[in-house]
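First comes the structure, then the notes that go with it.
Values in this text are rule-based calculations from the coordinates and carry no lab data. Predicted, not measured: the structure shown is a model, and the values here were computed from it. In this analysis, Cβ positions are derived from the backbone assuming ideal geometry, glycine residues included, and neighbour counts consider all displayed protein chains.
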Amino acid sequence: MVTQVALLGNDPRKYCSGLGTFEIFSFDVILEERDVAFLCHLVTLELNTEQGETTKNGSHFILADTEAGCLDLEEARELIDLLNEHRGSETIQFYTGEQHRYGMDWGIDSFPSSSCSSWREA
């Protein structure tokens, strides 16, 4: 990521936005100055049926498929629409991309102006 930012003529110590920003731009989403973009994936979770087996955080689910069964674009749109309906808000929006790529735009008014300050100081 650092290389791509530098190749575009930007200082990666100042602009370390991550892959989410590039992905969400490919969805024709315009980000505001203080928005944070995340790359998202739809996945398949299954109930862990082995007795006594839980993850570190106590979850009884395991990751079964990293691409949610290779959904077609229309199925993915339906799920993203449901996400927006139930988890989206004025500040959080989910977007459908290509193949198994999806994005989330988080418009944070109170987000620190220097989200990468600890990384830049290193």
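Determine the sum of side-chain charges near L82: Lys and Arg each +1, Asp and Glu each -1, restricted to other residues whose C-beta is under 15 angstrom from that of L82. Present the calculation step by step, with values, prior to reporting the outcome.
Numbers: positive: R77, R87; negative: E74, E75, E78, D81, E85.
Value of the local net charge: -3.
At full extension, Q4 and L63 could sit 18.2 nm farther apart than now, given 0.36 nm per residue minus the alpha carbon distance. The distance between label points at E98 and L19 comes to 1.5 nm (points 7 Å beyond Cα on the Cα→Cβ vector).
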